[in-house]
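Right, one structure below, let's go through it.
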Amino acid sequence: MRDDSAPARFLWLPPGLRPPVTMVWRQERVFLLVGAAALFAGYDLNVYGLAIPQIQASFQIPEDQVALIVAYFRMAAFVAMLICASADLVGRRRLLLVTILGQAIATLATSFAGNSTQFLWAQFCTRVFGYAEEMLCFVVIAEEVAAASRGWASGALSAMNYTGAGIASLIFAAVNFLPYGWRAIYVIGALPLFLVAYLRRQLPETRRFAVQEGLASTRSKFAETLGLLRDLARQYPGRIAAILVAVAAFGFGISAATVLSSKYLQTAHGYTPGQVTLLFIPGGLVGLVLTILTGRLSDRIGRKPVTLAVVTIAALAFALFYARVPGYLLPPLWVLSFFGFFAGDALLAGFAMEIVPTRYRATVSGLRYLVELLGGAAALALEGLLYNHFQGHGPAIQALLVSVPITLAAILFLPEPAGKTLEDMTA
């Protein structure tokens, strides 16, 4: 067994994308065990968006309800929020073991859905565990890495999620040839999750939570819960309000644009599944590299200016992508829009981790994720109505993007966490 204090190498990343500061093997091991789940979550949670036309045909889903289905999926965030918040009481490691196994079982169950109701409930359960998993992954990374590399860590974790989406699109290219079509894609995604669940037994508890738990060991869990909720309501109200407004507007503006991109390419521009993959794979690789480099840049010049820039890029690129532009403009616009989405989402998630104390970091992480998903769910439900009004998904999605300036304004009210320890941010 390799010594936890031995220098980390990160040989699985190209030299220019490795951490900007020296780390130890314990940190790399935690990153791999957490990041592997982020990768497969990116795979699993993007299959529906890729295969909407095929799933829609299987279950005869009306055109104005394809986005509404995702809104129903996102109600799982309420349950996921409760699971994530409990990590502030029972620990990050214990919950991460439960969520990865639950996600594996529910993903496998999705492939056996016999009708749209069974499919919806299987994906609802998948997302309960998948959303909780993603919330906790960002918490663990924020608590384990050094202050000078938290931006890089958020970007790298988001890039692994991005990679999972790319793998899903690669397999989606063969959807018309795979046995049982889209169902096989879910089976392929479920099997590695069971392996990750087995390997995650080696995941240690974060040191910051271990210290916090030791300080609170003399109190009952009930007293801890009451104290946590009381303090959460009165400490840092301005910071929490600003981040929640920012992510709500971001989720509302961007969600429909990300979910319906594959369908839009197939129906509005006549792309085949293979052509979608030919766009997603090389474009995704470019976006992946840019996302990691953006995280490193935020460590050097600050989270706020970088977040403002990438959120703006996402909004403008998506608006043009859905504007019936010439076909040759679609690949660069897709790269810019999804890079802006993944990088912006990672940086906003990092803000939520960095502006509150360890005691309720998982709770705020869950709250951030819940609000962002609910904002997206509201937009996805509204998209169907706007589709009927405009007679097209493109103008409906462009109308939803008007909320993004609210995100930009809210970011200005957040403190700058780059280069500061988590303790300095909450002193």
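The values are calculated or read from the model by the stated rules, or taken from the named source; none is laboratory data. Because the structure is a prediction, the values reported are computed rather than measured. Note: ideal-geometry Cβ built from the backbone for every residue, glycine included; neighbour counts use all protein chains shown.
Restrict the check to the stretch 65-73 and report whether at least one residue is farther than 30 Å from residue 384 by Cα and either without any contact (Cβ under 8 Å) to a residue 40 or more places away in the chain or of a type outside the set (Ser, Thr, Tyr) (or both).
Looking only at the stretch 65-73, we keep the residues that are farther than 30 Å from residue 384 by Cα, and these are none.
No, every residue in the stretch 65-73 fails to be farther than 30 Å from residue 384 by Cα and either without any contact (Cβ under 8 Å) to a residue 40 or more places away in the chain or of a type outside the set (Ser, Thr, Tyr) (or both).
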> How many of the residues in the stretch 368-401 are at pLDDT 85 or above and hydroxyl-bearing (Ser, Thr, Tyr)?
Replying inline: 1
> Can you pull out the residues in the stretch 293-314 that are closer than 24 Å to residue 259 by Cα and surrounded by fewer than 24 Cβ atoms within 10 Å (Cβ to Cβ)?
Replying inline: 308, 309, 312, 313
> What residue, of 337, 365, is crowded, with 24+ Cβ neighbours inside 10 Å, assigned to a helix (DSSP H, G or I) and modelled with pLDDT of 85 or more?
Replying inline: 337
>> Going through 371, 356 one at a time, which residue ends up being closer than 24 Å to residue 154 by Cβ, among the β-branched types (Val, Ile, Thr) and touching a Leu at 6+ places or on another chain (Cβ under 6 Å)?
In response: 371
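Give the stretch 1-56 a look and list any residue that's in a helix (DSSP H, G or I) and more than 30 Å from residue 256 (Cβ to Cβ), or say none.
Listed by number, the residues that qualify are 15, 16, 17, 25, 26, 27, 28, 29, 30, 31, 32, 33.
Table: residues versus (1) in contact with a strand residue (DSSP E or B) (Cβ under 9 Å, 6 or more places away or on another chain); (2) touching a residue at least 40 places away in the same chain (Cβ under 8 Å); (3) of a type in the set (Asp, Glu); (4) closer than 30 Å to residue 18 by Cα.
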| position | (1), (2), (3), (4) |
| --- | --- |
| 58 | no, yes, no, no |
| 106 | no, no, no, no |
| 111 | no, yes, no, no |
| 119 | no, yes, no, no |
| 128 | no, yes, no, no |
| 134 | no, yes, yes, yes |
| 137 | no, yes, no, yes |
> Among the residues of the stretch 303-317, which ones are touching a Leu at 6+ places or on another chain (Cβ under 6 Å) and farther than 16 Å from residue 293 by Cα?
Replying inline: 315, 317
>> Please verify whether residue 167 is surrounded by fewer than 24 Cβ atoms within 10 Å (Cβ to Cβ) and in contact with a Cys (Cβ under 9 Å, 6 or more places away or on another chain), treating the condition exactly as stated.
In response: no
> For the stretch 245-258, what are the residues that are under 11 Å from residue 383 (Cα atoms) and touching a Gly at 6+ places or on another chain (Cβ under 6 Å)?
Replying inline: 252, 255
>> Take residue 113 and tell me if it is outside any helix (DSSP H, G or I), of a type outside the set (Phe, Trp, Tyr) and crowded, with 18+ Cβ neighbours inside 10 Å.
In response: yes
